[in-house]
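J.: Starting off with a structure, shown below.
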Amino acid sequence: MNDQAKAGSYGRAALMIDHRSKVHRSMEDRFGALTDALLRGKGLVLERESRERVLQEVSKSLDQAASQLKKNADGDFSPDPRANRFPVYEKPFEKQSNSLAITALFKAWEKEALQLKRASATPNRYRSVFANLRAFVGHDDARAVTTEDIIRFKDARLAEGISGKTLKDADLAALKSIFGWAVENRLLRSNPAADVTIRVSKQKVERERGFNDEESLTILKTALTYSKAGKESAALACAKKWVPWLCAFTGARVTEITSLQRESFKTISGVPLVRIMGTKTGEYRDVPLHPQLVEIGLLQFVEASHTGPLFYNEKDQRGRGAQSQSEKLAKWVRKLGIVDPRIQPNHGWRHRFTTLARAVRMDHEKREYILGHTLPGLGSTYGDMRGLVEEINKLPTYNMPSSH
């Protein structure tokens, strides 16, 4: 039948007079439906001339298949040497505009992230990475960013003194995540950061990761008596005074504390507590206030504050107030003489809290809840506030001057 179609004598075409018309009609009757099914399966719609070329190739392929089946029937099961004569089919990428701004890509990703209520600190961290990338490549076209650009960006960041761990966990993580999201949403053909990585050597532990007693007292004593200096904002002055103390007795990440609002402080069943929103999990946790926090006047400060953020001005920070204040606090701690590069000026409190919690034999499950770590069966509401109070109260107080 295939030969009949090619000769113009298949089906009703045999009754036609013009030979060219007979061949065209025969080929259409024999291979047209199969060709259309093939094109539909690939999601393709072709103009007439291209479709006819495909029709010809379909007829050749059927002859090739018949020949191979005959060989198999005769006992020859060797591979068809012509089986790979066509290139691997790749679905054509949907037509796009010539460029996609890096800033527009980030905003599109951020919009979805906020709609899905992902931890707010993540967009803030990722925003600076993409700003740095845009400045480095010297343009704002996400579709023009190549893997080579990402590698050069990585090398440049290392040359600036950025640690390998920060580069891997912050910069590369942000680039892989957002460019990957763009591919999934058909904004980009490929992820230029997908295969770029860095091997980070395990650091030698030469000292405790948290603040030691002397460093802790230096920061807390300065914080307790701190007052607004020069032109700094009142919110930043409040952050310098209260954030170190809250970090010391909650073990929270510093941005979780700089994000706190007046409404974050509550009293439930007679227990004063702070509701902390996890920057990584996006879930809240209620942590009882240590008696020393109450003693030094934290609740009076909260009560006297306006509603909204306690430690930054919402209007001035363009959506990254908590992160911005955290960065300023880190620089301030360095100026206090905490200059050992092996200690993180903000995260040192979280490590110290863990060390002290182990030393006073704080219940493991309750400690993990207080720190905001994920454990099977633990949710936002612990259900044993009195138990949490007992564990928090195990932490020792800090010796401070009698007046403040």
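The values are calculated or read from the model by the stated rules, or taken from the named source; none is laboratory data. Keep in mind that what you see is a predicted model, and the values were worked out from it rather than measured. Here the Cβ positions follow ideal geometry from the backbone for every residue, glycine too, while neighbour counts run over all protein chains shown.
J.: If we keep just the residues of the stretch 155-169 that are under 21 Å from the mean Cα position of the chain (by Cα) and not in a helix (DSSP H, G or I), which is nearest to ARG342 (Cα to Cα)?
T.: Going through the qualifying residues, I end up with SER163.
J.: Name the single residue that is surrounded by the most Cβ atoms within 10 Å (Cβ to Cβ) among those in the stretch 215-236 being in contact with a Pro (Cβ under 9 Å, 6 or more places away or on another chain) and within 17 Å of GLN292 (Cα to Cα).
T.: The initial filter retains those residues of the stretch 215-236 that are in contact with a Pro (Cβ under 9 Å, 6 or more places away or on another chain), namely 216, 219-225, 235.
Subsequent filtering for residues that are within 17 Å of GLN292 (Cα to Cα) retains 216, 219-225.
Values: SER216: 19, ILE219: 24, LEU220: 20, LYS221: 16, THR222: 17, ALA223: 21, LEU224: 17, THR225: 11.
The qualifying residue surrounded by the most Cβ atoms within 10 Å (Cβ to Cβ) is ILE219.
J.: From the list ALA135, ALA131, exactly one residue is part of a helix (DSSP H, G or I), more than 16 Å from the chain's Cα centre (by Cα) and free of Cβ contacts under 8 Å to residues at least 12 places away in the same chain. Which is it?
T.: Details: ALA131 fails: more than 16 Å from the chain's Cα centre (by Cα).
The match here is ALA135.
J.: Does LEU356 qualify as being in the same structural domain as LYS280 (by TED's automatic domain parsing) and at pLDDT below 95? Explain how you work it out, then say what you get.
T.: On the way: in the same structural domain as LYS280 (by TED's automatic domain parsing): yes; at pLDDT below 95: no.
No: the conditions fail for LEU356.
J.: Return a yes/no flag: does the stretch 115-131 have any residue that is of a type in the set (Gly, Ala, Ser), at pLDDT 90 or above and surrounded by 14 or more Cβ atoms within 10 Å (Cβ to Cβ). Walk me through it before giving the result.
T.: Going residue by residue through the stretch 115-131, those that are of a type in the set (Gly, Ala, Ser) are 119-121, 128, 131.
Narrowing further to those that are at pLDDT 90 or above: 131.
Now restrict to residues that are surrounded by 14 or more Cβ atoms within 10 Å (Cβ to Cβ): none.
Checked the stretch 115-131: no residue is of a type in the set (Gly, Ala, Ser), at pLDDT 90 or above and surrounded by 14 or more Cβ atoms within 10 Å (Cβ to Cβ).
J.: Taking the residues in the stretch 264-304 that are farther than 30 Å from TYR126 by Cβ and assigned to a loop (DSSP other than H, G, I, E, B) as candidates, determine which candidate is nearest to the chain's Cα centre (by Cα). Outline the logic, then answer.
T.: Filtering the stretch 264-304 down to residues farther than 30 Å from TYR126 by Cβ leaves 266-273, 288-304.
Within this subset, residues satisfying the condition of being assigned to a loop (DSSP other than H, G, I, E, B) are 269-270, 289-290, 296-297.
Numbers: SER269: 38, GLY270: 39, LEU289: 32, HIS290: 34, ILE296: 38, GLY297: 38 Å.
Per the criteria, the residue is LEU289.
J.: Answer yes if at least one residue in the stretch 378-390 is basic (Lys, Arg), at pLDDT 95 or above and over 26 Å from the mean Cα position of the chain (by Cα), and no otherwise. First the steps, then the outcome.
T.: Just the residues of the stretch 378-390 that are basic (Lys, Arg), to begin with: 386.
Now drop any that are not at pLDDT 95 or above, which leaves none.
The answer is no, given that none of the residues of the stretch 378-390 is basic (Lys, Arg), at pLDDT 95 or above and over 26 Å from the mean Cα position of the chain (by Cα).
J.: Taking the stretch 140-157, which residues are touching a residue at least 24 places away in the same chain (Cβ under 8 Å) and surrounded by 14 or more Cβ atoms within 10 Å (Cβ to Cβ)?
T.: Taking the stretch 140-157 and keeping what is touching a residue at least 24 places away in the same chain (Cβ under 8 Å), we get 140-147, 149-151, 154, 157.
Answer for the stretch 140-157, where residues must be touching a residue at least 24 places away in the same chain (Cβ under 8 Å) and surrounded by 14 or more Cβ atoms within 10 Å (Cβ to Cβ): ASP140, ASP141, ALA142, ARG143, ALA144, VAL145, THR147, ASP149, ILE150, ILE151, LYS154, ARG157.
J.: Can you work out which of the residues in the stretch 237-263 that are more than 26 Å from the chain's Cα centre (by Cα) and over 21 Å from THR225 (Cα atoms) is surrounded by the most Cβ atoms within 10 Å (Cβ to Cβ)?
T.: ARG262
J.: Could you please let me know if ILE338 is modelled with pLDDT under 95, closer than 16 Å to ALA223 by Cβ and in a loop (DSSP other than H, G, I, E, B)? Before the answer, list the steps.
T.: Numbers: modelled with pLDDT under 95: yes; closer than 16 Å to ALA223 by Cβ: yes; in a loop (DSSP other than H, G, I, E, B): yes.
Here the answer is yes, as ILE338 does meet what is asked.
J.: What single numbered condition from (1) modelled with pLDDT under 70; (2) surrounded by 18 or more Cβ atoms within 10 Å (Cβ to Cβ) fails to hold for ARG12?
T.: Among (1) modelled with pLDDT under 70; (2) surrounded by 18 or more Cβ atoms within 10 Å (Cβ to Cβ), the lone unmet condition for ARG12 is (2).
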